[in-house]
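Here, each number is a calculation from the coordinates, and none is a lab measurement. Since this is a predicted model, take the numbers as computed values, not measurements. Cβ atoms come from the backbone with ideal geometry, glycine included; neighbour counts cover every protein chain shown.
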Amino acid sequence: MSRVPPSRHARRRARLLAAAAASALAAVLLQSQTVAGGAAADETPPYQDPDLPVATRVADLLGRMSLAEKIGQMAQAERVDIDADPSLITEHRLGSVLSGGGSVPDPNTPEAWADMVDRYQQAALATPLGIPLLYGVDSVHGHGNLLGATVFPHNIGLGATRDPALVEKIAHITAEETRASGPQWAFAPCLCVARDDRWGRTYESFGETPALVESMETAIDGLQGRPGQLDEPDRVLASAKHFAGDGLTTYDDAAAGTGAYPIDQGIDRVTRAEFDRLALAPYVPAIKEHHVGTIMPSFSSTDFNGGGTDDAVKMHANGELLTGWLKEQQGFDGFVISDWRAIRQLPGTYAEQVEASVNAGVDMFMEPIQAPNNPSGWDEFIPTLTQLVDTGDVSMARIDDAVSRILTAKFELGLFEHPFTDRTHLGDIGSKAHHAVARRAVSESQVLLRNQRHTLPLRGKHDVYVAGSNADNIGNQAGGWTLTWQGGSANVIPGTTILDGIEQAARGDVTYSETATARVPRKADGIVVVGETPYAEGFGDVGGPQWAYDPADNGVPRPEQTMRLSEADTQAIETVCERAKSCTVVVVSGRPMVIPPSLLRQIDALVASWLPGSEGAGVGDVLFGRRPFTGKLPVSWPRSVAQEPINVGDRGYDPLYRYGFGLRTR
């Protein structure tokens, strides 16, 4: 494995030396303040001087902090935990707060978001040292929690564009809309390499090859800007996730049908060489070229020896990778943030879980309480870690390292100079210009898989018949992580549905019948928009919550339904294809869907639309020739679920449509 380039290593060494020298200076300053009394106390402490190097300011502040203040910086609460009483932030010296999926102020407006974050910030500034709060949110395809934010295609669609510059622009808009409403930290982008489409987070991946994922890491630049730009009002701290191998987990046949997730949060049963190539590779440029500020470990585990489940190592306790590979070998100088209560999946008591994860290299802990579901969270973490330091099970050096990394990010964000929300771009949230970029992204992400007799683009003045469950449902086309964690069919956001786009682009009359029960004119061009309903994480493993559970099976998921169209959508396709002049099928989904040969033969044109987000009009643009089809498959499209996992380069590789496939039109 490659080492840190000499220039980067020298800079890191210089930073550490400067920090040590500044720490000694801080001790002298504190002593002089004690001796000199009030006169010295009136002087501005070095950590508050913006003209000093960040390393000097960090060391000075660290030298002034008590153990309680340091451990408080390592704790992250959920907004629900402290919203009724923000003084908890002051009392416990909390360093960070987040909004989980669907955790929003009332009303869910940009102004209310900014007011909320500033209210929490005021509580943080009331602490003796006035260390500002860092607020995080899942802006994974736009600031999706915020009603009114621009919602872009999920990563799988962006991977289909093969357009790194567009991805950077989208991430920049996301950063602008996020920071203008208060949060300064986005838990994005996901650098997973999805290798099994049954995985419920496939749509969070840019694609199935490390090379494609690495090309899309321009998202980090869009979020953070170039080095030195992080304190600008249109930038946020990025978080590469989920380190590492979350897309490489093995499908668990034994778990399928038991109610457990058969692949999510699972085990990477691969060789170390495969793990390096498929899981670790994307993090090298993320760190060395794009300088990502934070990294979030995965819920998954590694098993390089082919042993049983007991031999697997949870990533949140994997010191070899978090400290050895990530921090020492790659020179990552940001901080590691745990995933949602993830350390509680480690073996042992809670004290043993905290000890293992801190010593492995986790720096900040996402430990929400959200009572009554969880009996404890950060309120248990703080005294537990304090006790571990007192007993020597966690060293002060490890605490100081973690807190130095966190403070560095806060200084680089400019929070000590400008702790409150800069609302300069508040009026740009959800603007026409931003939606225009989203619409372009949708058009570029569409992949034309089949086009018999040059059916597409649809030209001329012809009547159009539209059917299918996803034709007129903006919640379905936005997918998960939109207003709520799992998303929802009823989640309405500003934008256009695919039906809206068709109606805008068509030159003839448009008839819409979701289930194709209305009469289909023989001379009409048929468009059937089908696919999945929203989900996130594990639910995707069984095909989506809307029909994945059969009451006759006592609510147990049926894995044979994975990646298959519903009976209603299949019937709509058959009806329209039988009666219309032409039949185009648009698949809105977070991963490939199985199209049986008997059904495919009836279809004239087949389009992979992915999860387009708020601008369904972009689909209409390519269907009717306003923009050409240019998208390429970011993942292999299987003939059947039995082929999974299937990836380019496999022995006997024979998908229905190959990785990189995509017909073009003019």
Interchain or sequence-distant (5+) residues whose placed amide H lies within less than 5 Å of the amide H of Val510 are Val464
With unit charges on the beta carbons (Lys and Arg positive, Asp and Glu negative) and the dipole taken about the Cα centre of the range 432-643, which residue among His462, Val576, Thr533 sits farthest to the positive side? His462
Going by average Cβ neighbours within 10 Å, how do the peptides 462-470, 574-582, 229-237 rank, with the highest at the top? 462-470, 229-237, 574-582
Between the modelled labels at Arg398 and Ala568 (7 Å from Cα along Cα→Cβ) the distance in nm is 5.2 nm
Rounded, prolate or oblate: which one fits the range 552-666, using the alpha carbon gyration tensor with axes a ≥ b ≥ c (rounded when a/c is under 1.5, else prolate when a/b beats b/c, else oblate)? oblate
The chain: angle of helix 396-412 to the longest principal axis, Cα-based, in degrees nearest 10: 60 degrees
Where both residues lie in the chain, what percent of DSSP beta bridges are antiparallel, nearest 5? 20 percent
If only Cα atoms are counted, what is the Rg of the range 62-210, and what is its Dmax, in Å? 17.6, 51
Taking a ≥ b ≥ c as the square roots of the Cα gyration tensor eigenvalues, with a/c under 1.5 meaning rounded and otherwise prolate when a/b beats b/c or oblate if not, the chain comes out prolate
Roughly how many whole Å is it from the C-alpha centroid of the range 474-517 to that of the range 562-638? 14 Å
For a Förster distance of 35 Å, can you work out the FRET efficiency between the beta-carbons of Asp106 and Glu289, rounded to the nearest 0.05? 0.25
When DSSP beta bridges are limited to those with both residues in the range 67-420, what percentage is antiparallel, rounded to the nearest 5? 10 percent
Counting all Cα-Cα pairs in the range 168-301, those more than 17 Å apart amount in percent to 58 percent
Sum up the charges of everything whose Cβ sits under 13 Å from the Cβ of Thr302, counting Lys and Arg as +1 and Asp and Glu as -1, but leave Thr302 out. -4
Based on Cβ point charges of +1 for Lys and Arg and -1 for Asp and Glu, what charge dipole magnitude is obtained for the chain about its Cα centre, in debye rounded to the nearest 20? 2680 debye
Dipole of the chain, positive end: most advanced residue of Pro612, Pro183, Tyr261 [Cβ charges, Cα centre]: Pro612
Segment Asp83-Ser598, extension gain: residue separation times 0.36 nm, minus the distance between their alpha carbons: 179.9 nm
Taking the Cβ of Pro183 as the centre, find all other residues whose Cβ is under 11 Å away and add up their charges (Lys, Arg: +1; Asp, Glu: -1). 0
Dimensions of the range 432-643 along principal axes (Cα, Å, largest first)? 51, 41, 32
Would you mind working out the magnitude of the charge dipole of the range 174-262 relative to its Cα centre, with +1 at each Lys and Arg C-beta and -1 at each Asp and Glu C-beta, to the nearest 20 Debye? 140 debye
Under a point spin-label approximation (7 Å from Cα along Cα-to-Cβ), what is the Arg522-Gln229 distance to one decimal in nm? 6.0 nm
Sort 509-522, 212-225, 187-200 by the packing proxy (mean of other Cβ within 10 Å over each peptide's residues), most packed first. 187-200, 212-225, 509-522
Nearest-20 debye value, the range 432-643 charge dipole, Cβ charges on Lys, Arg, Asp, Glu: 1020 debye
Go through Lys288/Lys314; Lys169/Lys288; Lys314/Lys632; Lys410/Lys432; Lys169/Lys410; Lys288/Lys432 and tell me which ones have a Cα-Cα distance over 28 Å in this structure. Lys314/Lys632; Lys410/Lys432; Lys288/Lys432
Reachable aspartates and glutamates from Lys70, Cα under 15 Å, same-chain residues fewer than 8 places away excluded? Asp60, Glu91, Asp363, Asp379, Asp390, Asp400, Asp401
So what's the gap between the Cα centers of the range 190-243 and the range 269-299, to the nearest angstrom? 11 Å
In whole percents, the bins of 20 Å from zero upward hold the Cα-Cα pairs of the range 67-420 as 32, 61, 7
Over the chain, the sum of -39500 (n - 2.57) across DSSP H runs of at least four, divided by residue number and rounded to 500 deg cm²/dmol, gives at 222 nm -9500 deg cm²/dmol
